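*Asks:* Quick one: the structure is below, questions incoming.
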Amino acid sequence: MEATTFVLFGATGDLAKRKIYPALYNLFVDQKLPQSFSVIGLGRRELSDKTFQANVEQSLLMFSRREAKDPVLMNNFLRAFRYSVLDVSRKEDYQKLLHLIEQQEEEQRTVPNRMFYLSVGPEFFETITANILESGLGSANGWKRLVIEKPFGHDLQSARDLNENLSKAFKEDEIFRVDHYLGKPMVQKLEVLQQNNPVLQALWNNRYIANVQITANEIVGVEERAGYYDHVGAIRDMFQNHMLQLLMMLTIHLPNNSTSENIRFKKKQVMESLEKLQKEDVKSHVIRGQYGPGTIEGKTVVGYLSEPNIAATSRNDTFIAAKLQIDNYFWRGVPFYIRTGKRMKDKSTRIVIEFKEPLKQSGANHDNKTPNLLVFEISPHEGISLQLNTRDHLNKGELKPMHIDFRESRDHVPEAYENLISHALHGDSAFFAHWDEVELSWQWVQPILDAYEENQVPLHLYAAGTYGPAESDDLLAQDGYHWWFDD
Ligand code: NAD
């Protein structure tokens with residue numbers, strides 16, 4: 001792989017410590033980093049290289065999936081780390097950075113490839129990219145890439161404005177927008193599974209599939225993120241990005257040997273085929289919820305309005321369930337139910353595909369028959385299971401469901417950030433959000449934001465430790481379905 005300088009804005013932040021350093025370390029152990037690789041950490045605080053390296057080591061001890069105890073390995077890893085003070089709006093700091101990078105590139109006699117990772121709040125994106133352009137940091141002879149974290153905008157217009165500004169300094173194929181759900185191993189397997197298994201390929205359409213359920217349940221509440229979360233809610237924090245990305249990854253039909261361009265093109269087509277909601281339709285397709293007090297895992301927890309730093313009058317959403325339809329050849333008529341919420345009964349991200357029941361439709365009497373289900377468990381455990389019907393010899397030969405379960409061992413599963421950083425270093429953008437996807441997602445979500453804003457959609461209270469408001473069950477019940485695995 002080509003020599004690279006990894007320039008990390010926000011090197012003293014939480015994301016860097018919990019995710020980025022451990023990911024880099026695990027890639028290093030797996031020999032997946034370029035031979036010549038250096039990291040320049042940036043932050044406002046004055047730090048020596050030595051202290052910075054000690055801080056990185058500390059975060060590995062706390063957060064790396066592999067034990068980081070081998071001193072030789074650790075030394076070799078940390079040698080690549082330097083630190084430079086940078087305040088995003090101080091132009092002279094960028095000149096200092098440029099000087100440091102050029103010096104390193106000269107010493108290492110490497111082609112100057114530069115990856116700028118922005119692990120800072122989105123309010124800084126525009127200032128940083130403008131300064132990268134102006135300072136000459138972006139005019140290396142090698143490649144330059146920009147990695148940014150969500151949120152990409154607050155609504156359709158702000159996302160467009162942000163993108164317009166970023167594009168002044170970086171071209172679309174140089175921008176890698178992280179949606180960490182796309183880094184999760186099971187999500188990355190979805191297209192491989194579908195493409196390489198005729199059994200799945202044959203069934204992947206409205207002839208066989210009755211409905212699809214995509215769930216991302218969290219046990220945690222708002223935690224320490226009140227200031228951020230109270231302005232975004234479940235719809236912006238989870239639905240507009242992660243949940244719609246899961247929908248896209250599941251529903252694309254790809255030709256063999258697809259490139260990242262194919263994947264992103266197909267995802268864009270799915271978003272274009274998504275039936276649009278008018279503001280007036282929102283309340284019949286979207287359930288909005290907020291958690292009240294309740295009990296989770298035996299512990300009593302407060303409701304959202306009693307959380308620290310949340311106003312007692314907040315109407316922010318902590319839960320959303322929605323029914324979506326894709327109007328294309330493969331999926332016309334198949335409802336997709338998507339939900340995500342905080343303070344749910346359990347933590348799970350999964351996709352359930354419920355198959356049609358031809359025998360039931362023919363009127364045959366099969367009381368005990370359950371539909372075939374194909375389940376992709378995405379987190380916290382990774383696995384795939386298939387529910388079939390078999391005969392129960394101990395019970396008068398009645399039908400009974402049988403489960404074929406596969407569970408991936410945790411030890412072998414790389415973290416999402418490992419996958420994503422490795423892809424970005426290779427310039428492979430298949431698992432990053434293209435601007436078209438981001439824009440189309442905001443476009444689809446905008447009428448919901450407007451309807452929420454105008455209070456056209458009731459805010460249902462649900463007890464913490466449940467699966468959300470009862471109205472979310474009604475959304476499926478009116479079509480004759482129910483959420484699977486709510487028990
Ligand atoms: P954080 O507040 O812990 O860290 C922010 C970093 O920005 C710090 O290193 C800080 O020094 C730096 N910074 C702030 N003002 C600066 C300035 N004027 N000049 C230079 N540096 C400055 O935040 P975080 O949790 O690390 O998140 C970083 C970004 O990643 C945010 O946009 C967040 O929304 C996004 N994100 C975080 C997570 C997560 O798990 N923490 C997950 C997804 C997305």
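The values are calculated or read from the model by the stated rules, or taken from the named source; none is laboratory data. All of these numbers come straight from a predicted model, not from anything done at the bench. For neighbour counting, all protein chains shown are included, and Cβ atoms are generated from backbone atoms with ideal geometry for every residue, glycine included. Only protein heavy atoms, including side chains, enter the accessible area calculation; ligands, DNA and RNA are left aside. Shrake-Rupley method; radii C 1.70, N 1.55, O 1.52, S 1.80 Å.
*Asks:* For the chain, what is the accessible area per residue in Å² when the probe is 1.4 Å?
*Replies:* Numbers: 22190 Å² over 487 residues.
Heavy-atom accessible area per residue stands at 46 Å².
*Asks:* May I pose another question? Along the Cα→Cβ direction, 7 angstrom out, place labels at Arg79 and Phe124. What is the inter-label distance in nm?
*Replies:* 3.0 nm
*Asks:* Taking θ as phi - 60°, what are the ³J(HN,Hα) couplings along the range 90-102 by the Karplus curve (6.51, -1.76, 1.60), each to the nearest whole Hz, with x for Gly and Pro?
*Replies:* Along the range 90-102, the couplings run 9, 5, 5, 5, 5, 5, 4, 5, 4, 4, 4, 5, 4 Hz.
*Asks:* Given a cut-off of 20 Å, name the pairs among Lys276/Lys342; Lys356/Lys400; Lys150/Lys171; Lys96/Lys171; Lys19/Lys266; Lys144/Lys171 whose C-alpha atoms lie farther apart than that in the structure shown.
*Replies:* With Cα atoms farther than 20 Å apart: Lys276/Lys342; Lys96/Lys171; Lys19/Lys266.
*Asks:* Report the local net charge at Glu46: Lys and Arg +1, Asp and Glu -1, summed over other residues whose C-beta lies under 13 Å from its C-beta.
*Replies:* Summing Lys and Arg as +1 and Asp and Glu as -1 gives +1.
*Asks:* Where Lys and Arg each count +1 and Asp and Glu each count -1, what net charge lies around Asn455 among other residues with Cβ under 15 Å from its Cβ?
*Replies:* Numbers: positive: Lys279, Lys283, Arg288, Arg315; negative: Glu280, Asp317, Asp450, Glu453, Glu454.
Neighbour charge sum, excluding Asn455 itself: -1.
*Asks:* With a 1.4 Å probe and every protein chain kept in, tell me what percent of the accessible surface of the range 26-165 is carbon plus sulfur.
*Replies:* Heavy-atom surface of the range 26-165 belonging to carbon and sulfur, 1.4 Å probe: 47 percent.
*Asks:* Near the amide H of Phe81, under 5 Å away, which other amide H atoms are found, from residues 5 or more places off or on another chain, if H is placed in the peptide plane?
*Replies:* Here Val39 satisfy the definition.
*Asks:* Using only the heavy atoms of the protein chains and a 1.4 Å probe, how would His180, His253 rank by accessible area, largest first?
*Replies:* From most exposed to least exposed: His180, His253.
*Asks:* About the Cα centre, and with charges only on the beta carbon of Lys, Arg (+1) and Asp, Glu (-1), how big is the dipole of the range 180-290? Nearest 20 debye, please.
*Replies:* Dipole size: approximately 320 debye.
*Asks:* Just the ratio, please: alpha-carbon radius of gyration of the range 271-352 over 2.2 N^0.38 Å, N its number of residues.
*Replies:* On the way: Rg = 16.4 Å, N = 82, 2.2 N^0.38 = 11.7 Å.
For the range 271-352, the normalised Cα radius of gyration comes out at 1.40.
*Asks:* Can you give me the % of accessible surface on the range 174-254 that is carbon or sulfur? Probe 1.4 Å, all protein chains present, nothing else counted. Walk me through the numbers on the way to the answer.
*Replies:* Numbers: 1300 of 2390 Å².
Here it works out to 54 percent.
*Asks:* Using a 1.4 angstrom probe on the protein heavy atoms only, line up Trp484, Trp442 by accessible area, largest first. Before the final figure, lay out the partial values.
*Replies:* Details: Trp484 40, Trp442 5 Å².
Of Trp484, Trp442, the descending order of accessible area is Trp484, Trp442.
*Asks:* If you keep only loop residues by DSSP, which GluC sites (Glu not before Pro) in the range 420-471 have at most 16 other Cβ atoms within 10 Å of their Cβ? It would help to have the intermediate numbers written out before the result.
*Replies:* Details: sites: Glu437, Glu439, Glu453, Glu454, Glu471; in loops: Glu454.
Sparse-neighbourhood loop GluC sites (Glu not before Pro): Glu454.
*Asks:* For the range 1-79, what is the charge dipole size about the Cα centre, in debye to the nearest 20, if Lys and Arg each add +1 at the Cβ and Asp and Glu each add -1 at the Cβ?
*Replies:* 200 debye
*Asks:* Answer rounded, prolate or oblate for the chain, using the Cα gyration tensor with square roots of eigenvalues a ≥ b ≥ c: rounded when a/c is under 1.5, else prolate when a/b is larger than b/c, else oblate. Don't jump to the answer; show the numbers that get you there.
*Replies:* Details: a/c = 1.83, a/b = 1.62, b/c = 1.13.
Verdict is prolate for the chain.
*Asks:* For Asp14 and Glu46 in one chain, what is 0.36 nm times their gap in residues minus the Cα-Cα distance, to one decimal in nm?
*Replies:* Numbers: separation 32, 0.36 × 32 = 11.52 nm, distance 1.74 nm.
Computed gain between Asp14 and Glu46 is 9.8 nm.
*Asks:* What number results when the radius of gyration of the range 1-143, computed over Cα atoms, is divided by 2.2 N^0.38 Å?
*Replies:* Compactness ratio reported: 1.01.
*Asks:* Using a probe of 1.4 angstrom, how much of the accessible area of the range 401-441 is carbon and sulfur, in percent? List each step's numbers first, then the result.
*Replies:* Working: 950 of 1930 Å².
Using a 1.4 Å probe with all protein chains present, the range 401-441 comes out at 49 percent carbon and sulfur.
*Asks:* With charges set only on the Cβ (+1 for Lys and Arg, -1 for Asp and Glu), what does the dipole of the chain come to about its Cα centre, in debye to the nearest 20?
*Replies:* For the chain, the charge dipole is close to 720 debye.
*Asks:* Would you tell me the accessible area of Thr466, worked out with a 1.4 angstrom probe on the heavy atoms of the protein chains, in Å² to the nearest 10?
*Replies:* 50 Å²
*Asks:* Taking the dipole about the Cα centre of the range 337-487, with the C-beta of Lys and Arg at +1 and of Asp and Glu at -1, give me whichever of Gln456, Trp442, Asn395 is farthest to the positive side.
*Replies:* Looking along the dipole axis, the top candidate is Asn395.
*Asks:* Throw me the Rg/Rh for the range 165-212, computed over C-alpha atoms with Kirkwood Rh, two decimals.
*Replies:* Across the range 165-212, the Cα-based Rg/Rh ratio is 1.22.
*Asks:* Could you list which residues have their amide H under 5 Å from that of Gly13, counting only those 5 or more apart in sequence or on another chain, with H placed in the peptide plane?
*Replies:* Those qualifying (amide H under 5 Å, at least 5 residues apart or on another chain) number zero.
*Asks:* Okay, next question. In the chain, with Lys and Arg counted as +1 and Asp and Glu as -1 at Cβ, which of these residues, Leu386, Ala140, Ala169, has the Cα nearest the positive end of the dipole, that is, farthest along it?
*Replies:* Working it through, the farthest residue towards the positive pole turns out to be Leu386.
*Asks:* Could you order Tyr228, Tyr117 so the one with the most accessible surface comes first? Probe is 1.4 Å.
*Replies:* Tyr228, Tyr117
*Asks:* Percent of Cα-Cα pairs per 5 Å bin, from 0 to the last occupied bin, for the range 69-117, please list those.
*Replies:* Computed distribution, short to long bins: 4, 16, 20, 23, 17, 13, 6, 2.
*Asks:* List the relative contact order of the chain as a percent without decimals, with contacts defined as Cα pairs under 8 Å and 6+ residues apart. The partial results should precede the final answer.
*Replies:* Working: 873 pairs, mean separation 83.6, N = 487.
Relative contact order here is 17 percent.
*Asks:* If you don't mind, there's one more thing I want to ask. Please name which of Phe330, Asn309, Thr340 has its Cα lying farthest along the dipole of the range 307-348 towards the positive end, using unit charges on Cβ (Lys, Arg +1; Asp, Glu -1) and the Cα centre as origin.
*Replies:* Toward the positive end, the furthest listed residue is Thr340.
*Asks:* Oh, and also: Could you state how much accessible area Leu193 has, in square angstrom rounded to the nearest 10, with a 1.4 Å probe and all protein chains kept in place?
*Replies:* Using a 1.4 Å probe on the heavy atoms, I get roughly 40 Å².
*Asks:* Also, I was wondering about something else. What does the charge add up to near Asp230, with Lys and Arg as +1, Asp and Glu as -1, over the other residues with Cβ less than 13 Å from its Cβ?
*Replies:* -1
*Asks:* Which value, in Å² rounded to 10, gives the accessible area of Glu102 with a 1.4 Å probe and all protein chains present?
*Replies:* About 90 Å², ignoring ligands and nucleic acids.
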